[in-house]
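Chemist: Structure below; questions to follow.
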Amino acid sequence: MMKKSNNSSLHQAKNAKKDEFYTQLSDIENELKHYKQHFKDKVVYCNCDDPRVSNFFHYFSYNFERLGLKKLIATCYKNQERDLFSTGSSEQAIYLEYEGDKNGNNVPDPEEIGIKTLKGDGDFRSKESIELLKQADIVVTNPPFSLFREYVAQLIEYDKKFLIIGSQNAITYKEIFPLIAQNTMWLGYKSGDMAFKVPKHYEPRETRFWIDEEGQKWRSMGNIAWFTNIDHSKRHEELILYKPYNEKEYPKYDNYDAINVNKVAEIPCDYYGVMGVPITFLDKYNPKQFEIVAFREDEEGNKYLFSHSTGLIELIENEKVGTIVAERERERERERERERESTTTLSDRYSMARIFTGEYLSDDVHRRIDEQSKRHDDKWQKQIRKNTHSTTSIEGMIKNAEGKIKGKITYARVLIRRKR
Ligand SMILES: C[S@@+](CC[C@H](N)C(=O)[O-])C[C@H]1O[C@@H](n2cnc3c(N)ncnc32)[C@H](O)[C@@H]1O
């Protein structure tokens, strides 16, 4: 029994150690500049931040007036490693409140910052921290990677706006991906490489590790992302696509009615069916241009397509839909032909819109589409939702080894469809 508890505390200590990555001020500045208008009159809470070392606290206290903040709160998790803090150690968790510059020097002076002690250890899940969270409008920090799932769940539970750093691996967590698919949360501006200061006791590594002239240890990671539910302009940028669809370069999966796309830049500009695209697509995801969809199946083997953005399920009756799709393809080809002949060329997008609004559809296809949309009533939807299961372990994602093309396993993919 004793041995077990020792092991588990050792394990916890190991995990906690892995969480000490300090964000650089420049990374915070480069991201935060895209959200300035959202901070006016807001209470900002940094809940995994020792204000003595956190650049998040530094950024918000020094930019308090510029952003027009109402209040800044930061909680410091109980000091676990005495050597972490340059200003000496404290076993006591603290929190800080700053309400702006009082003496007119535009600098957050120590006497303007209220330092208060916490009874507990400052864990973001503790009652005290949750009380502070309730006061906050926006939470901004780099939380412990090892607790990312719980951390996000708490922000959603308390309905907070947030801008946080995490690993891109988190995108594929079954607790995180649905939030992205439903547009409850999305990626921020910058994704990719980021370097962090790490504590003295961190072991050197062969790669992505260095010690600077001042003896400070650093680590970098290539798969970092900002996660947020605050709107930003990049989310509204249209992904410009140039490559036309062809069967050879975009093969269909053996087990899903979707084509495989290997590079985000090569998403075909004229394909309106379901596509499996690399996860890095999410960095470019404009929810007005694309939606994330998922395949479902019922006991009888009927296949359905579920749209995360609308919550609607469409029946893909193989034969019927096959006919509709074939008909649409033929219409598209005829339209292209007309375009080639015509001097006033219609854009693909416009002609597609005309096809899908029904202008070129035969009566029979009209009838089938009508039948299908009638089924989109609530009762039908609820019934289907109850009686179908996702064909992938995470709805809307083909995880490694789930997708196959000619028997060969494909990489992890997000399932998307263009919006019409
Ligand atoms: C990735 S580091 C980032 C630190 C700081 N936010 C920054 O960006 O520089 C995560 C921090 O969360 C702290 N932490 C770990 N577990 C925590 C918990 N349960 N509650 C609050 N903070 C925690 C760690 O001590 C660590 O300092």
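Chemist: Would you mind telling me which numbered condition in (1) under 20 Å from ASP121 (Cα atoms); (2) among the small types (Gly, Ala, Ser); (3) at pLDDT 95 or above SER26 fails?
Modeler: (1)
Chemist: Restricting to segment 118-133, name every residue that is surrounded by 11 or more Cβ atoms within 10 Å (Cβ to Cβ) and either of a type outside the set (Phe, Trp, Tyr) or more than 16 Å from the ligand (Cβ to nearest atom) (or both).
Modeler: Within segment 118-133, LEU118, GLY120, ASP121, GLY122, ASP123, ARG125, SER126, GLU128, SER129, ILE130, LEU132, LEU133 meet the criteria.
Chemist: Output the residues belonging to segment 18-41 that are crowded, with 17+ Cβ neighbours inside 10 Å and within 15 Å of the ligand (Cβ to nearest atom). So that I can check it myself, show each step before the final result.
Modeler: Initial filter on segment 18-41 (crowded, with 17+ Cβ neighbours inside 10 Å): 20-23, 27-28, 31-32, 34-35, 38-39.
Answer for segment 18-41, where residues must be crowded, with 17+ Cβ neighbours inside 10 Å and within 15 Å of the ligand (Cβ to nearest atom): GLU20, PHE21, TYR22, THR23, ASP27, ILE28, GLU31, LEU32.
Chemist: Criterion first (modelled with pLDDT under 60 and either within 9 Å of the ligand (Cβ to nearest atom) or assigned by TED's automatic domain parsing to the domain that holds LYS197 (or both)) does SER61 satisfy it?
Modeler: Working: modelled with pLDDT under 60: no; either within 9 Å of the ligand (Cβ to nearest atom) or assigned by TED's automatic domain parsing to the domain that holds LYS197 (or both): yes.
No, not satisfied.
Chemist: For segment 173-209: of the residues being out of contact with any helix residue (DSSP H, G or I) (no Cβ under 7 Å at 6 or more places or on another chain), more than 25 Å from ASN30 (Cβ to Cβ) and in contact (Cβ under 8 Å) with a residue 40 or more places away in the chain, which is surrounded by the most Cβ atoms within 10 Å (Cβ to Cβ)?
Modeler: If we take residues in segment 173-209 being out of contact with any helix residue (DSSP H, G or I) (no Cβ under 7 Å at 6 or more places or on another chain), more than 25 Å from ASN30 (Cβ to Cβ) and in contact (Cβ under 8 Å) with a residue 40 or more places away in the chain, then ALA181 is surrounded by the most Cβ atoms within 10 Å (Cβ to Cβ).
Chemist: Right, next: It is to be established whether one or more residues within segment 42-56 are among the acidic types (Asp, Glu), within 15 Å of the ligand (Cβ to nearest atom), over 20 Å from THR228 (Cβ atoms) and at pLDDT 90 or above.
Modeler: no
The values are calculated or read from the model by the stated rules, or taken from the named source; none is laboratory data. Predicted model, so just to flag it, every value in this text is computed and none were measured. Quick reminder, even Gly has a Cβ in these numbers, built from the backbone with ideal geometry, and neighbours come from all protein chains shown.
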